[in-house]
Protein chains: 2
Amino acid sequence: MSKINALDRLLNPRSIAIVGVSKDFSSISGKPIKNLLHHKFKGNIYPVNPKYDEIEGIRCYASILDIPGEVDVALIAVSSKRMQQILEECEKKQVHHLILFGSGFAEVGEEGKVLQEKVLEKAKQAGIHILGPNCVGLLNVKESIPLGFATSFETEKGFKSGNVGFASQSGAIGFSLFGLAQEENIGFSYIVNTGNQMDIHSLDCIEYMLEDPDTTVVAGYLEGIPDGEMLMKISETSKSLNKPVILLKAGRSELGRQAAMSHTASLTGSEETFQAIAKQYGFITVNDVDNMIDAMKVFSRGKIANGNRIVTISNSGAAGIAMADYSEALGLEMVRLSNETASKIESIIPPYGSALNPIDVTAQALKEQHILTETLEVLIEDEQVDAIVFQTTFGGELGTKICQKIAEIDKKTDKPIIVTITGTSELTGKGRTILQEAGIPVYPTSYKTMLSLKYLVDFSDFSKKQMIEPPDQVFISGETTNDLSGIWTEERVKKELSLLGIRVPNGTVIKNRSQLEKVKDNLNYPVVCKVISRDVLHKTDAGGVQVSIHNPVQLERAYEEILQSVKQYSPNARIDGILAEEMIQEEGIEIFIGVKEDPQFGPIIVCGLGGIFIEVLKDISIRRAPIQIQEAHRMLKELKGYPLLEGVRGGKQRDIQALAEVLVKVSQFASNHTGKISEMDINPIWVFEEGKGIAALDGIIVWKNRIESSVSI
Amino acid sequence: MSKINALDRLLNPRSIAIVGVSKDFSSISGKPIKNLLHHKFKGNIYPVNPKYDEIEGIRCYASILDIPGEVDVALIAVSSKRMQQILEECEKKQVHHLILFGSGFAEVGEEGKVLQEKVLEKAKQAGIHILGPNCVGLLNVKESIPLGFATSFETEKGFKSGNVGFASQSGAIGFSLFGLAQEENIGFSYIVNTGNQMDIHSLDCIEYMLEDPDTTVVAGYLEGIPDGEMLMKISETSKSLNKPVILLKAGRSELGRQAAMSHTASLTGSEETFQAIAKQYGFITVNDVDNMIDAMKVFSRGKIANGNRIVTISNSGAAGIAMADYSEALGLEMVRLSNETASKIESIIPPYGSALNPIDVTAQALKEQHILTETLEVLIEDEQVDAIVFQTTFGGELGTKICQKIAEIDKKTDKPIIVTITGTSELTGKGRTILQEAGIPVYPTSYKTMLSLKYLVDFSDFSKKQMIEPPDQVFISGETTNDLSGIWTEERVKKELSLLGIRVPNGTVIKNRSQLEKVKDNLNYPVVCKVISRDVLHKTDAGGVQVSIHNPVQLERAYEEILQSVKQYSPNARIDGILAEEMIQEEGIEIFIGVKEDPQFGPIIVCGLGGIFIEVLKDISIRRAPIQIQEAHRMLKELKGYPLLEGVRGGKQRDIQALAEVLVKVSQFASNHTGKISEMDINPIWVFEEGKGIAALDGIIVWKNRIESSVSI
């Protein structure tokens, strides 16, 4: 059975064994049964411990093998040293799942690693799936089934079920976040803590939850990416089902990464790469527990913003200012209302209010509630408005009535309405509860409101993009199939680029003196000469480059000088020849494009402007290959130096489209050679004026397969 | 009486009149008396309204003049149209203060503006100070005296008094923030809403509160800076009394600024300037209500961090990762513990914990509380640790006990201890309350904890700086006193710079042909020639610059060509001569320095690197003049292009000290001519290699006084 299908039984168990159960309900081995009883689990509970006959009137078994019925899930609260014996019993008993609470596996070093591998192998043979180890368990919120010992299971209030699913590598963060979200009245379907992820990992759970019809928002707290390919698949599912996936990834700092290593033995990938890919593939990323809750809240309402044109309504001018500030900072658009809409609103609100966005309905609206209702009705009908934000500080009976009105109106429209109520729970709690019960996102500060709206807008942007489609066209030449090994130097790379339809200067490789004689009178002067050698990567440093060669005599001199100079610089360098190529006269803006293989995500394409942009400002843009043309344009627009391509400082507009096409082609090349490229650089590419294209002036590919044939002159 | 002294009586009134009082306690004119009665005001209440004889058994007067006793404060709940009459009565009655709730003044246009000016003039004559208009009032929290109609006055729980003072231009934001802060158990001394600030403004209140012995933390919500000079004075007071001032300034976005204009008729200054100056002068700035509360909380404990070396303790590895992530992002240092400290901690915690920072005391510490206690004791004694962060998700009885322990330890040390408890109030509320009552800052997420710690560290950094001292040395020459008018062109500016000890190329102004004959054989060739004309600001565009002039013949040609070219470019340009100056051979890194007069803060100095740094990246650094040498260095380090000065890309280290000295000198020049300079540019300055100094190659000063004498050739 696949892990995903198997999860169904783990998350919706009918019979649960607790191995190593304790009568001390304050201990880790006592809490799971206490929690099941506390939340009135309707299925079978089988305590297992040879020390007891019964616990709370439930028969206790000496061994798993003594249990009369089937066991869906066995919770294991015994030492890792006893695991192998337990596994054997579970195999015999045909237990479907284990949840391992304890630690003592891969995270504690070599011995633990060996044990973990043994356990995993045995489990696979036996068809048993494992959650954990080093986890606090899971919660089926729909049916109030707690499997484990999280503190939040001990609530007296019961759980609020709903449409949010949450997988968390950390139990502490996962379940404390869950508790806080429940206080905000956010309902959940499932929460799973995956811990050390020996078998079932966070992405398995995310994928399962995405497919679950009751779950429409999925969130994940990740310390590493267990499976890059799977993250891509999840992106597709997210988009096809129109369900957002919110990710909080830890281990962003150097120290954080070290801590992550020792904590759950997971390798956290490069943060920049993760953030770029998450954006490219339509994930909502947050960097804080608070923002995760904010995002869950806004998405759980299930409404979509069609764009980023927002209107804010308030009875406080100051709140209007704050919302305008935040919307500018977050890239939301405070839409300029049409004359029609503005004049309709003017006729509703008092003359000292403001019918312009931010709309100020004044404190009068709290007395005459039709002011607010009618204003909202006007905005709902306006096609140029994508979302509405309402802000109030009023509490008491007035505030409560306003909230009732908003809840009524919210039902009548698909447009998102988000509310800020800034005030104490004593004074504004009732109104807040009314909104929460109606599923309307309500926040205590304008900043949280606007940030949540930004998440909503980002998701609708992503939904509109078609990023994971197959590439429009494939540009691969026959050339590459034979010889994907060693280091490809400039001349070989340029041949390949040329086959991909990327312009390179016309050139000839002169392998020896007699060839020099043959070609010298037929070249299109002026030319540039460059040494071709896989052993000389910094050609200029080696004296391996000469420019402005205007005639055969200069060419002969350059040829000799370069050979001499390179041999002096690196006596053992294998020299494949001297490349004589056209000297491009028009100067372009320098761009570099690079490819690398990310251990988690596969081929990554990187680009940036040359010079200080890369060297001082580290101004780069990253994507997973392949990309399409729109994504290539977005990639370029992200660069701080992008205005240079647009022609700032009296400069001319550059051929950005041609450059974007190169990105697409290189990304396809990288994607078609997934797993084979170690590093690839095209540097520099010159970008000429609009309409005049680009030229790739140098490049190198280092293949993973380093075995190569050698030619020397 | 000064406004500041006067505030004492406004904030601590013994007798209050309410003019235009209403028996409808849900109305704005009814709420103030209801609130005073609700909070059992001990002084005299004098309702004024000819319609009533009494309200709630308190005698009501037909006119202010009928009141028998003295009146400290009159709350005015009548239309702005009746203001003049009311003022006359208040003058006769010798009322000390008015609080104007209503609007209808400067914010509603010309008519309101005129009324406001009249009212203000009359009040000044009468010695009456005014709070408002367009405000909801103030609250003396120490003695529970609410003067106004803020929703948060209606609490049944009473107010928690404490050491935080808060002035807010917005009533809605001010009092809703107050309410939320009270829920977090933060105690206040005074809250004042200044509204339209006709007379008493936010900075008056901040200054008063700073001087108040019961107030040790002052916060302000500002929509504009009413008085730039006063903000500087407040900075000095803040530093000398070691009381932090936290500012939240609205109107950061373009739209926000427009809204601010119509809202409180205040002019919001340029955001970049404000942020730079706030940093320079040691204010803590926040950009969100939430963060304001976080900052109030951490400062209200009254402990100071001696530096940014922090240690985190947790019973969850994931929390350790998160804290490491945030500390890196915020520029805090997760200190590497000494071997001594680490081995002490190792001997306390279980072997599977981590004695390295982030410290993981493991869940065992929740059972054996001595683990935590002893670990804390070790860290308190470690001189290399400036602050300690503790994070837990555990609630219930265990959590409560842990919190009691922390509260005990916190009392014994001056070192800040900040706690994160992530969990529901149901499960973790008790522990949280114990910490809050002990005054220990406690936050629901690690991000808030680390951010608050950053505020604390920033304030201690500020306290260590001596930024508002008089300049070390004054470099002013006698030259400038005669002729501070018109436009100073390159040659005049260079003379001045030279007198300030700033190197400029040696040069001679050639005013006519005969002078040309005289000097041409005595110049130190090669030279550069440049036109001197106040009418030609873009010399290069006008053909007014020639370089690489190697001999008298070339000089004569350059002289003629420049004159001809400039006359063609701008026929009416007044030409003062041609500057022939040494051509500096060594190329430097280009820097610009600018001076402008900010309407709120006075002389501002700006610097940046030339080329794309300024034109594409808008990479500038701003300070209020004058600055000292350390501040000049900080200013340069803020630039994104700073690595270029340090010698990145194989470049050489530049003479940063020489450049910093130029900044100091120019800032002193600007400061000495406060109010007189309209614009000043020194651009470019070339910065040479370390030890080789700088040279200012061009400059211009536009004086505010534009009357000038004219000389032409």
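Measure up A:K239/B:K640; A:K448/B:K405; A:K665/A:K692 against 29 Å on the Cα-Cα distance and list the ones that go over.
A:K239/B:K640; A:K448/B:K405
How much accessible area per residue does the range B:304-464 have, in Å², with a 1.4 Å probe?
So the range B:304-464 comes to 37 Å² accessible per residue, rounded to a whole number.
For a quick check of your reading of the filter: which GluC sites (Glu not before Pro) in the range B:547-596 sit in a DSSP loop and have no more than 12 other Cβ atoms within 10 Å?
Those satisfying the criteria are B:E586, B:E587.
Treating only the Cα positions of chain A as identical point scatterers, give the base-10 log of I(q)/I(0) from the Debye formula at each q in 0.10, 0.11 Å⁻¹.
So the normalised log intensities work out to -1.03, -1.13.
Check each residue of the range A:149-164 and keep those whose accessible area, probe 1.4 Å, is at least 50 Å² smaller with all protein chains in place than in the chain alone; give them in order of residue number.
Listed in order, they are A:T151.
Taking only protein heavy atoms and a 1.4 Å probe, what accessible area per residue, in Å², does the range A:172-250 have with all protein chains in place?
22 Å²
Per the helix-only calculation at 222 nm, which mean residue ellipticity applies to the protein assembly as shown, given -39500 (n - 2.57) for every DSSP H run of n ≥ 4 and division by its residues, nearest 500 deg cm²/dmol?
For the protein assembly as shown, the value works out to -11500 deg cm²/dmol.
Placing unit charges on C-beta atoms (Lys and Arg positive, Asp and Glu negative, everything else neutral), compute the dipole magnitude of the range B:68-160 about its Cα centre in debye, rounded to 20. Let's see the in-between values first.
Details: 11 positive and 13 negative charges, 18 e Å.
With Lys and Arg at +1 and Asp and Glu at -1, about 80 debye.
With a 1.4 Å probe and all protein chains left in place, how much accessible area per residue does the range B:530-618 have, in Å²?
43 Å²
In Å, what is the Rg of the alpha-carbon atoms in the range A:103-230, and how long is Dmax?
Radius of gyration, then largest Cα-Cα span, for the range A:103-230: 15.1, 45 Å.
Which of the trypsin sites (Lys or Arg not before Pro) across the range A:1-105 are loop residues per DSSP, with 13 or fewer other Cβ within 10 Å? Let's see the in-between values first.
On the way: sites: A:K3, A:R9, A:R14, A:K23, A:K34, A:K40, A:K42, A:K51, A:R59, A:K81, A:R82, A:K92, A:K93; in loops: A:R14, A:K23, A:K40, A:K42, A:K51.
Those that pass, being in a loop and sparsely packed, are A:K40, A:K42, A:K51.
Would you jot down the residues in the range B:592-632 that end up with at least 40 Å² less accessible area in the complete protein assembly than in the chain alone, with a 1.4 Å probe?
For the range B:592-632, once contacts with the other chains are taken into account, B:I612, B:E615, B:V616, B:L617 lose 40 Å² or more.
I'd like to know how the range A:589-703 sits against the 2.2 N^0.38 Å rule of thumb: what's its Cα Rg over that expected value?
Ratio of Rg to 2.2 N^0.38 Å for the range A:589-703: 1.01.
In nm, what does the list of distances from B:G307 to its counterparts in the other copies look like, shortest first, when each label sits 7 Å along Cα to Cβ?
Here the equivalent label points are 5.5 nm apart from this one.
Report the local net charge at B:T285: Lys and Arg +1, Asp and Glu -1, summed over other residues whose C-beta lies under 10 Å from its C-beta.
Net charge around B:T285: +1.
Can you send over the carbon and sulfur percentage of the accessible area for the range B:1-134, probe radius 1.4 Å, protein chains only?
That fraction is 47 percent.
Quick one: ranking B:I584, A:I359 by accessible area, 1.4 Å probe, largest first, what do you get?
B:I584, A:I359
May I ask for the net charge around A:S26, where only other residues with Cβ less than 15 Å from the Cβ of A:S26 are counted and Lys, Arg are +1 while Asp, Glu are -1? Before the final figure, lay out each step's value.
Details: positive: A:K23, A:K31, A:K34, B:K367, B:K401; negative: A:D24, A:E56, A:E154, B:E368, B:E397.
After counting each charged neighbour, the total is 0.
B:Y443: net charge of surrounding residues, Cβ under 14 Å, Lys/Arg +1, Asp/Glu -1, itself excluded?
Surrounding charge for B:Y443 is -1.
Can you pull the percent of the range A:506-582's accessible area that's carbon plus sulfur, 1.4 Å probe, other chains left in place?
Carbon and sulfur atoms account for 45 percent of the accessible area of the range A:506-582.
Above 25 angstrom, tally the Cα pairs of the range A:65-175 and express them as a % of all pairs, no decimals.
Values: 1720 of 6105 pairs.
The answer is 28 percent, as a whole percent.
Equivalent ellipsoid semi-axes for the range B:1-134, as square roots of 5 times the alpha carbon gyration tensor eigenvalues: give them largest first, rounded to whole Å.
Each semi-axis is √(5λ); the values are 23, 17, 14 Å.
Residues of the range B:88-123 with the amide nitrogen closer than 15 Å to a label point 7 Å from the Cα of B:R9, along Cα-to-Cβ, please.
Of the residues in the range B:88-123, B:90-99, B:123 have backbone N under 15 Å from the label point off B:R9.
Which one, A:S671, A:Y61, A:I28, projects farthest toward the positive side of the charge dipole computed for chain A from Cβ point charges (K/R +1, D/E -1)?
A:Y61
Which number do you get for Rg(Cα) / (2.2 N^0.38 Å) in the range B:2-58?
1.23
Could you work out the equivalent-ellipsoid semi-axes for the range A:304-464, taking the square root of 5 times each eigenvalue of the Cα gyration tensor, largest first, in whole Å? Can you show the working numbers first?
Working: eigenvalues 90, 71, 43 Å².
Semi-axes, largest first: 21, 19, 15 Å.
Leaving ligands, DNA and RNA out of it, work out the accessible area of B:K567 with a 1.4 Å probe and give it in Å² to the nearest 10.
Probe radius 1.4 Å; accessible area of B:K567 about 100 Å².
What is the magnitude of the charge dipole of chain A about its Cα centre, with +1 placed on the Cβ of each Lys and Arg, -1 on the Cβ of each Asp and Glu, and no other charges, expressed in debye to the nearest 20?
920 debye
Does anyone have the angle between helix A:490-499 and the longest principal axis of chain A? Alpha-carbon axes, 0 to 90°, nearest 10?
With rounding to tens, the tilt is 70 degrees.
To the nearest 20 debye, what charge dipole does the protein assembly as shown have about its Cα centre, counting +1 at the Cβ of each Lys and Arg and -1 at the Cβ of each Asp and Glu? Present the calculation step by step, with values, prior to reporting the outcome.
Values: 150 positive and 186 negative charges, 238 e Å.
Roughly 1140 debye, rounded to the nearest 20.
So what are the radius of gyration and Dmax for the Cα set of the range B:160-300, in Å?
Every Cα atom of the range B:160-300 included, Rg and Dmax give 13.8, 39 Å.
For the range B:602-713, what's the relative contact order in percent, using C-alpha pairs closer than 8 Å and at least 6 residues apart?
23 percent
Show me the trypsin sites (Lys or Arg not before Pro) within the range A:325-397 that DSSP assigns to loop and that have at most 16 other Cβ atoms within 10 Å of their Cβ.
Sparse-neighbourhood loop trypsin sites (Lys or Arg not before Pro): A:R336.
Could you state the principal axis extents of the C-alpha atoms in the range A:506-582, from the largest down, to the nearest angstrom?
31, 22, 20
What nm value, rounded to one decimal, do you get for the distance between A:E517 and B:D214 when each label is placed 7 Å out toward the C-beta?
Modelled inter-label distance: 10.5 nm.
Can you work out ³J(HN,Hα) from phi for every residue in the range B:695-705, in order, using Karplus 6.51 cos²θ - 1.76 cosθ + 1.60 and θ = phi - 60°, giving whole Hz and x for Gly and Pro?
9, 8, 9, 7, x, 8, 10, 9, 7, 5, 6
For the protein assembly as shown, count the residues as N, evaluate 2.2 N^0.38 Å, and divide the Cα radius of gyration by that value, please.
Compared with the compact-globule rule of thumb, the protein assembly as shown sits at 1.05.
Using only protein heavy atoms and a 1.4 angstrom probe, determine the accessible area buried between B and A, summed over both sides, in Å² to the nearest 100.
The B and A chains share an interface burying roughly 5400 Å².
So if we plug the beta-carbon distance of A:A62 and A:K122 into 1/(1 + (r/R0)^6) with R0 = 25 Å, what FRET efficiency do we get, rounded to 0.05?
My answer for the efficiency is 0.65.
Skipping prolines and chain starts, which residues have an amide H placed within reach, meaning under 5 Å, of the one on A:G699, given they are 5 or more residues away or on another chain?
Placed amide hydrogens put A:E490, A:N683 under 5 Å from A:G699.
Determine the equivalent ellipsoid of the range B:507-634 by diagonalising the alpha-carbon gyration tensor, then write out the semi-axes as square roots of 5 times the eigenvalues, largest first, rounded to whole Å.
34, 18, 14
Hey, any idea what % of the range B:589-703's accessible area is carbon plus sulfur with a 1.4 Å probe?
Accessible surface attributable to carbon and sulfur in the range B:589-703 totals 49 percent.
The values are calculated or read from the model by the stated rules, or taken from the named source; none is laboratory data. Note that this is a predicted model, so its numbers are computed, not measured. With ideal geometry, Cβ positions are generated from the backbone for all residues, glycine too; neighbour counts draw on all protein chains shown. Ligands, DNA and RNA are excluded from the accessible area calculation, which covers all protein heavy atoms including side chains. Shrake-Rupley method; radii C 1.70, N 1.55, O 1.52, S 1.80 Å.
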